[in-house]
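Bear in mind that the values in this text are calculations on the coordinates, not laboratory data. Not measured: the values here are computed from a predicted model. Note that we place each Cβ from the backbone using ideal geometry, even for glycine, and neighbour counts take in every protein chain shown.
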Amino acid sequence: MPVEITWVPEDAGDYEFVLEVTPRSTEVDRTNNAETRQVSVREGRIRVLLIDSAPRWEFRELKVLLERERTVELHTVLQDADLQYADQDATAQPLRGRFPVSRDQLFAYDTVIFGDVNPQYLSPSILENLSDFVGEAGGGLIMIAGQRFNPVSYDGTPLETLLPIDLEGVSLPAVSEPITTPFQPQLTLEGQKSTPIFRFDEDEKKSRDIWNELPGFYWLVQTPAIKPGAVVFAEHPTRMGTDRRLPVILMQRFGAGKVIFHATDETWAWRRRVGDLFYGRYWVQAIRYLSRSRLLGQSKSAELKSDRLVYNRGDKVTLRVRFYNEQEIPTGDDSVEVVVERRGADTQTVRLSKVPQAPTAFEGQLRRPAEGTYHAWVARPDFSDSPPSVDFRVEAPDRELRIRGLDQAELVGAARKTGGRYYSLAAAGSLPDDVPRGRPVPVQSEEPIRLWARWEVLLLFALLLTTEWLLRKRLRLV
């Protein structure tokens, strides 16, 4: 049963939340009635880069919104702007109207909002840096479709691998045909349950009602096929693609980061009559969702992961550290150490070794951990910011507790295969009478036979000695 808990932090810091459930009288295992989570609250601002080719409506409204948002530090790049634009606009001054050329300059951002950008203005190295920004540095990328370049002009470029859609079969609405009928996109189950982006109210039902009452969209890039790992958050109510409805908003994980693609550029219509109430909430929540790992203050140069979140007692826990910056990779084979702490118990250190197939990864195992909730973090090498960390839990095996009812058919079959007979508790009283009579077994054995008292044994022993003497005599060994 899902339970939602709302909490608004007042101060920055690290918090530990413990959710406990009152045990029932019929419970057999009461050790799993509590769950612990570590929550970090930071005061840092999210660094956002907004780039587009022209000042279309989505760019304008986003720029105004994020300029006012106190938790966001906004920089903008407008490809078709005049040279004076960078001098007159405060958000364009840091970059002087140019997309970041160096990796370090780009990796300083948390989220990039990539509009209808002309790829001809970006060099191949810049496009590769953007791919590494998402895949290696764990940055967030939001791509907003446009009528000129995004996504149709990205075929064959590094941007194609970032898109969660398959560019084959993509088509744009005809410019000559006016679109007069809007459509109301529908949230999928993933859009409702797996992400907080579309939460417009603390109550889930009220949030869905708000979504269904938002102004509809007119323009939509038709993307019939999506990539295997993509997750659709919102889809067209009627139009069909290859095997499902046409996606409107979808996401895919790319390496350490995430990419969200908007097949429309009309979310600015949500400002109608209500201003930034829902438009601002959506975009700020989307930016925070993509920047979560950086908002937690964890290192941007490495990550720590466990192969699972929940283990059974006796399982091995595999811990892996992956470095994004090649210059920070330790040189020694066992130069990475992870400290593992169990709640209410002592800590232990796990040494990680290089993975031969992945030069940027180190891996180690924690063997047979006890039951409990664990928090692990990288202790060596040192990090300038908070070290990468991960949480996991070890539980008692519940295979015997899942089905506790009597499986009479299984017991009858086992008795039949072994030549026995099944008895229920009610019929157990007749078991002594049904035991067959056994055969008589002698209690005492016969008198032991004394071998040295028999003449046959003495004769055999004398014969062996004589044969040995004759052989030695013949071979001149005597």
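See the values below:
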| item | result |
| --- | --- |
| Sorted largest first, extent of segment 46-295 alpha carbons per principal axis (Å) | 43, 39, 38 |
| Acute angle (nearest 10 degrees) that the helix 408-417 long axis makes with the longest principal axis of the chain, alpha-carbon atoms | 40 degrees |
| Two-decimal Rg to Rh for segment 1-102 - Kirkwood Rh, Cα set | 1.29 |
| Coordinate range along principal axes, alpha carbons of segment 86-206, Å, largest first | 44, 42, 34 |
| Per-bin percent of Cα-Cα distances, segment 1-61 [5 Å] | 4, 10, 14, 12, 10, 10, 10, 10, 7, 4, 4, 3, 2, 0 |
| Lys, Arg +1 and Asp, Glu -1 on Cβ, resulting dipole of segment 1-108 about Cα centre, debye, nearest 20 | 320 debye |
| Segment 299-395 shape via C-alpha gyration tensor axes, a/c threshold 1.5 | prolate |
| Separation of alpha-carbon centers, segment 244-288 and segment 162-211, rounded to whole Å | 8 Å |
| Descending principal axes extents, the chain, alpha-carbon based, whole Å | 127, 74, 50 |
| Residue (of V338, P448, T318) at the positive-pole extreme of the chain, dipole from beta-carbon charges | P448 |
| Of V394, A81, G44, farthest towards positive along the dipole that unit charges on Lys, Arg, Asp, Glu beta carbons give the chain | V394 |
| Sparsely packed trypsin sites (Lys or Arg not before Pro) within segment 362-456, loop by DSSP, other Cβ within 10 Å at most 13 | R367, R404, R421, R437, R450, R454 |
| Nearest-ten-degree value, helix 455-474 long axis tilted from longest Cα axis of the chain | 80 degrees |
| Dipole in debye (nearest 20) - the chain, about Cα centre, beta carbon charges: Lys, Arg +1; Asp, Glu -1 | 2280 debye |
| Formal net charge of residues neighbouring A86 (Cβ-Cβ distance under 15 Å; K, R +1; D, E -1) | -2 |
| Karplus-derived HN-Hα couplings along segment 330-336 (A = 6.51, B = -1.76, C = 1.60, θ = phi - 60°), whole Hz, x at Gly and Pro | x, 7, x, 5, 10, 8, 10 |
| Segments 348-359, 74-85 sorted - mean Cβ within 10 Å per residue, highest first | 74-85, 348-359 |
| Using a Förster distance of 56 Å, the FRET efficiency for N212-D434 (Cβ separation, nearest 0.05) | 0.20 |
| Spacing of the two label points (7 Å from each Cα toward its C-beta) at A174 and S353, in nm | 6.6 nm |
| Alpha carbon centroid spacing (whole Å) that separates segment 424-438 from segment 103-147 | 79 Å |
| Neighbour-count ranking [beta-carbon atoms within 10 angstrom, fewest first] of K316, K205 | K205, K316 |
| Using alpha-carbon coordinates, inclination of helix 124-135 to the longest axis of the chain, degrees | 50 degrees |
| Neighbourhood charge, 15 Å Cβ-Cβ cut-off, centred on P356 and excluding it, Lys, Arg +1 and Asp, Glu -1 | 0 |
